[in-house]
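Read the structure below first, then the notes.
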Amino acid sequence: MSGPSRLSVRNIRKSFGTHEVLKGISLDAKDGDVISLLGASGSGKSTFLRCINLLEIATEGEIFVDGEEIRMVKKGGRNQPASQKQVDHIRSELGMVFQSFNLWSHMTILQNVIEGPVHVLKRPRAECIAEAEALLEKVGIVDKRHAYPAHLSGGQQQRAAIARALAMKPKAMLFDEPTSALDPELVGEVLRVMRALAEEGMTMLVVTHEMSFARNVSNRVVFMREGVVDSSGTPEEMFGGGGSPAFRQFIGHLGPA
Ligand code: ADP
Ligand code: MG
């Protein structure tokens, strides 16, 4: 009944020194799934995303991206990716959007967007520029293409960061609190872009505190607590009283969506 798995994570564990931050997390995102990852600060959400795109290396567990397993070897008792080439390839297949935008400040918006396609994917520049302009049009900032990031609002910078990630034609998009650094009046413009992406069928894993997004855009809600998946379900189940007591307390603290 379900489509192909874009992202499959099995029993991921991650320790920093003696501190075990992820204690066995599994998650499966099928094609077109939009999964909201919720949880208190420190519950391991960012670490989980960072393990998926290999910014951190999970201590244990298996990760499959579009069916391809990330191969690991043990070196001195620790996991290491078996192939840097595979790491680069997997990273190019996963678009990541951070809280802090992370645009290259010395490049224009257009240069930011074409950088990956031109230099990583080695695609023809003219073609990349045409695609980048279409993406910038789509996120509503094509008029800013020759501006530098510092001249854009936070909401515009984040939309540029989304366009930059999309320019790599990723298999899935990972968002880590994409609206948390924004002034409240700029949150909506970024959420609208994310909603449009979801409606086009992009597979998305979204760490967020925006309950309206979790409720109305995602098709699954995963609540993390202290390094484990405490509870998960459809938004209807989770927000309809079906989540664990800890989840209900969590959303109670945030107030009504
Ligand atoms: P969240 O994103 O849910 O707020 P994080 O994944 O950022 O949680 O952090 C989970 C825990 O892991 C925290 O206790 C944090 O201090 C710890 N942690 C995260 N990154 C590192 C690191 N690079 N080194 C040591 N501890 C870390
Ligand atoms: Mg975080």
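The values are calculated or read from the model by the stated rules, or taken from the named source; none is laboratory data. Only a predicted model underlies this, so the values are computations on that prediction, with no experimental measurement involved. With ideal geometry, Cβ positions are generated from the backbone for all residues, glycine too; neighbour counts draw on all protein chains shown. The protein model used for the area step is the full one, side chains on, heavy atoms only, and it has no ligands, DNA or RNA in it. Shrake-Rupley method; radii C 1.70, N 1.55, O 1.52, S 1.80 Å.
For the stretch 189-257, the set of GluC sites (Glu not before Pro) satisfying both a DSSP loop assignment and a count of at most 11 other C-beta atoms within 10 Å is given as E200.
Carbon and sulfur together cover what percent of the accessible area of the chain at a 1.4 Å probe radius?
Values: 5880 of 11970 Å².
Of the solvent-accessible surface of the chain, carbon and sulfur hold 49 percent.
In plain terms, the C-alpha convex hull of the stretch 118-222 casts an average shadow of 7.1 nm² when viewed from every direction.
For the stretch 40-103, the Kirkwood hydrodynamic radius from C-alpha pairs, put into Stokes-Einstein at 4 °C and a viscosity of 1.567 mPa s, yields a diffusion coefficient of 101 µm² per second. Select from S218, L136, I90 the residue farthest towards the positive end of the dipole of the chain; place +1 on Cβ of Lys and Arg, -1 on Cβ of Asp and Glu, and compute about the Cα centre. Checking the options against the dipole of the chain, the answer is I90.
Under the criterion of Cα pairs below 8 Å and six or more residues apart, the relative contact order for the chain equals 25 percent. Close amide H contacts of D230 (hydrogens built in the peptide plane, cut-off under 5 Å, sequence separation of 5 or more or a different chain): F223, M224, R225. What the Cα atoms of the chain give is an Rg and a Dmax of 18.3, 54 Å.
Computed over protein heavy atoms with a 1.4 Å probe, the accessible surface of the stretch 98-257 works out to 46 Å² per residue. Mean residue ellipticity at 222 nm, helices only, the chain: -10000 deg cm²/dmol; runs of at least 4 DSSP H residues each add -39,500 (n - 2.57), and the sum is divided by the number of residues. Applying a threshold of 31 Å to the alpha-carbon distances of K85/K144; K14/K171; K122/K144; K45/K122; K75/K171; K75/K169 flags K85/K144; K45/K122; K75/K169 as lying beyond it. Taking the centroid of alpha carbons for each part, the stretch 97-136 and the stretch 200-238 are 29 Å apart.
Among the trypsin sites (Lys or Arg not before Pro) in the stretch 83-177, which ones are in a DSSP loop with at most 11 other Cβ atoms within 10 Å of the Cβ? Mind listing them? Don't jump to the answer; show the numbers that get you there.
Details: sites: K85, R91, K122, R125, K138, K144, R145, R159, R164, K171; in loops: K122, R145, K171.
Hits after loop and neighbour filter: K122.
DSSP finds beta bridges in the chain, and of those with both partners inside it, around 60 percent are antiparallel.
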